[in-house]
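The structure appears right after this line, and notes come after that.
The values are calculated or read from the model by the stated rules, or taken from the named source; none is laboratory data. This is a predicted model, so every value here is computed, not measured. Methodologically, a virtual Cβ is constructed for each residue, glycine included, from the backbone with ideal geometry; neighbour enumeration extends over all protein chains shown.
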Amino acid sequence: MKKYIKIYKKINSFNKKIEVSGDKSISIRCVLLASQAIGVSKITNLLESEDVLNALKAIKHLGINYKKKGNAYFINSYGLNSFKIKNKLKINAGNSGTLARLLLGLLVDTKKEITIVGDNSLSNRDFSRVTEPLKLFGANINSNNKKLPVKILGTEFLRPINYFETKGSAQCKSCVMLAALKTPGLTRIKARKSRNHTELLFKYLNIPITVTKKINYDFINIIGQKNFNSFNYKVPGDISSSSFFIVLAILSKDSKLIIKNVNINKSRTGIIKILRDMNAKVYLKNIHDYNGEKIADIYAESTLNLKSINCPAKINSSAIDEFLIIFLVAARAKGVSSFKNLGELNKKESPRLDIAVNFLNLIGVKTKRIKNNLKIYGNPKIKLEGNFVMKNFMKDHRVFMMSAITALAFGGNWKIFDKDSVNTSFPNFFKILKFIGAQLN
């Protein structure tokens, strides 16, 4: 089976209505929290990507039973002490930093040593961000020079901590929150702004939590060792997955798109604000609340007069997974777009900032980079001709999808490798592309 796709022509005009798969961040959190609830939790529209399937495998290895019926997963647990740990247990998190880091939080009280491993990409990421605060709780942790594999042995004598999260990382914050769930007493967290799905799920499940929001930080208090009941949850559509189709509609000729039932949590909608500031035609309709999250239908249309942006760094955390696709809009916009403090991009599945600069230069877009700041010199008449090959990007799913959208929006003859990378987060990517008219070989 070939490991690449070929795209030879731009997509034709389209007017479609679609739904994307369930939100990956919420899917993983629902699986992990269901493993700690009392009773049988029912989760529908769970994203069936490799990352989420690895989360299900992980809880099964830890003694939690689940089954699937139709579009629903039923996860059966007996509370905070439900894990049954086998000797010398090894859990593979695959490509998922979210799974690996959050799961470590839940293992802070494990009575037997557990080893967390991952693929080559995940094994190159910094885990000291979570191992250091977990040590403060009292867990015994050893890592491979701050990277995977990580071995953790919990303790019966957990102690609450005061934790200052400085990077705007929802994974680090959530790891500590899940550890606090297992720990007696009051854990206090001061966290730089980042996505807040864990906080909202804690509130929905009546876990003792208070959140005080300030301009730059959130102050989170959690009282631990309080069991909570099983739950029913329908996972909303993923805005990160939606972003590729939003941008394709904006950059394509005479096209319109409606994406139904997407999570528009304020901590995730940086891309909507950025695109609107660039004059893109993007609208939110049918906005409503669901268990603390905000859900909406997203409308996107072709936009000819895109303008450059001086993107405020304070928006970065709410658009961190979407910058690759935002850069394509900047490439088409009139003027010079500026982005600052993007160092966190290089700590993702691949060094995305480095790759983005090389990619933009590959397609003839002028850039200027100073450390973690980037300027993109837009070309409203950009049109690609000739042959392009995209490979050696560490099988990063978002780099692959950005490359496919570039080919469909800007033209050229493309050969894009590692097509299976989309299974990490968005297995239905090709199916939806074909539905709206893309020709893929």
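Could you list, in sequence order, all residues of the stretch 59-105 that are within 23 Å of the chain's Cα centre (by Cα) and assigned to a strand (DSSP E or B)?
Once the filter is applied, which keeps residues that are within 23 Å of the chain's Cα centre (by Cα) and assigned to a strand (DSSP E or B), the stretch 59-105 yields Ala72, Tyr73, Ile75, Ile91, Asn92.
Could you go through the stretch 158-170 and let me know if any residue there is buried (at least 19 other Cβ atoms within 10 Å of the Cβ), part of a helix (DSSP H, G or I) and aliphatic (A, V, I, L, M).
Yes, that holds for at least one residue.
Results for (1) crowded, with 23+ Cβ neighbours inside 10 Å; (2) closer than 21 Å to Glu50 by Cβ, shown as yes or no for each residue.
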| residue | (1), (2) |
| --- | --- |
| Arg352 | yes, yes |
| Ile363 | no, no |
| Arg369 | no, no |
| Ile382 | no, no |
| Gly386 | no, no |
| Met394 | no, yes |
| Met401 | yes, yes |
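Those residues that are free of Cβ contacts under 8 Å to residues at least 40 places away in the same chain and more than 24 Å from the chain's Cα centre (by Cα), I need them from the stretch 215-225; list them, please.
Scanning the stretch 215-225 gives Asn221, Ile223.
Does the stretch 415-441 hold any residues that are of a type outside the set (Ser, Thr, Tyr), farther than 21 Å from Asn15 by Cβ, in contact (Cβ under 8 Å) with a residue 60 or more places away in the chain and in the same structural domain as Arg332 (by TED's automatic domain parsing), and which are they?
Selection gives Lys415, Ile416, Phe417, Asp418, Lys419, Asp420, Asn423, Phe426, Pro427.
So in the stretch 44-74, with the set limited to residues that are of a type in the set (Val, Ile, Thr) and in contact with a Lys or Arg (Cβ under 8 Å, 6 or more places away or on another chain), which one is nearest to Phe426 (Cα to Cα)?
So the residue we want is Val52.
Give the stretch 307-350 a look and list any residue that's more than 25 Å from Phe410 (Cβ to Cβ) and not in a helix (DSSP H, G or I), or say none.
Pro312, Lys340, Asn341
What strands (runs of 3 or more DSSP E), lying completely within the stretch 198-300, carry at least 2 residues that are among the charged types (D, E, K, R) and over 30 Å from Lys9 (Cα atoms)? Outline the logic, then answer.
Values: elements: 209-213, 217-223, 232-234, 256-263, 281-290.
The strands (runs of 3 or more DSSP E) meeting that bar are 281-290.
Would you be able to tell me the number of residues in the stretch 415-441 that are assigned to a helix (DSSP H, G or I) and not aliphatic (A, V, I, L, M)?
Here the count works out to 10.
Within the group Ser302, Ser267, Ser308, Ser338, which residue is among the hydroxyl-bearing types (Ser, Thr, Tyr), within 30 Å of Gly118 (Cα to Cα) and surrounded by fewer than 24 Cβ atoms within 10 Å (Cβ to Cβ)?
Only one candidate passes the filter, namely Ser267.
Take the residues in the stretch 190-235 that are over 16 Å from Ala180 (Cβ atoms) and basic (Lys, Arg), then tell me which one is surrounded by the most Cβ atoms within 10 Å (Cβ to Cβ).
Arg195
Would you point out which residue out of Gly412, Gly364 is in a loop (DSSP other than H, G, I, E, B) and assigned by TED's automatic domain parsing to the domain that holds Phe245?
Answer to the check: Gly364.
Thr110 passes all but one of (1) surrounded by 22 or more Cβ atoms within 10 Å (Cβ to Cβ); (2) in a loop (DSSP other than H, G, I, E, B); (3) not basic (Lys, Arg); which number fails?
With (1) surrounded by 22 or more Cβ atoms within 10 Å (Cβ to Cβ); (2) in a loop (DSSP other than H, G, I, E, B); (3) not basic (Lys, Arg) applied to Thr110, the lone miss is (1).
Among the residues of the stretch 389-441, which ones are in contact with an Asp or Glu (Cβ under 7 Å, 6 or more places away or on another chain) and within 15 Å of Ile18 (Cβ to Cβ)?
Pro427
Look at Ile264 and say whether it is over 23 Å from Tyr204 (Cβ atoms), among the β-branched types (Val, Ile, Thr), touching a residue at least 24 places away in the same chain (Cβ under 8 Å) and not assigned by TED's automatic domain parsing to the domain that holds Lys193.
Against the criterion (over 23 Å from Tyr204 (Cβ atoms), among the β-branched types (Val, Ile, Thr), touching a residue at least 24 places away in the same chain (Cβ under 8 Å) and not assigned by TED's automatic domain parsing to the domain that holds Lys193), Ile264 does not qualify.
Which of (1) among the polar types (S, T, N, Q); (2) part of a strand (DSSP E or B); (3) closer than 20 Å to Thr424 by Cα is the odd one out, the single condition Ser41 does not satisfy?
(3)
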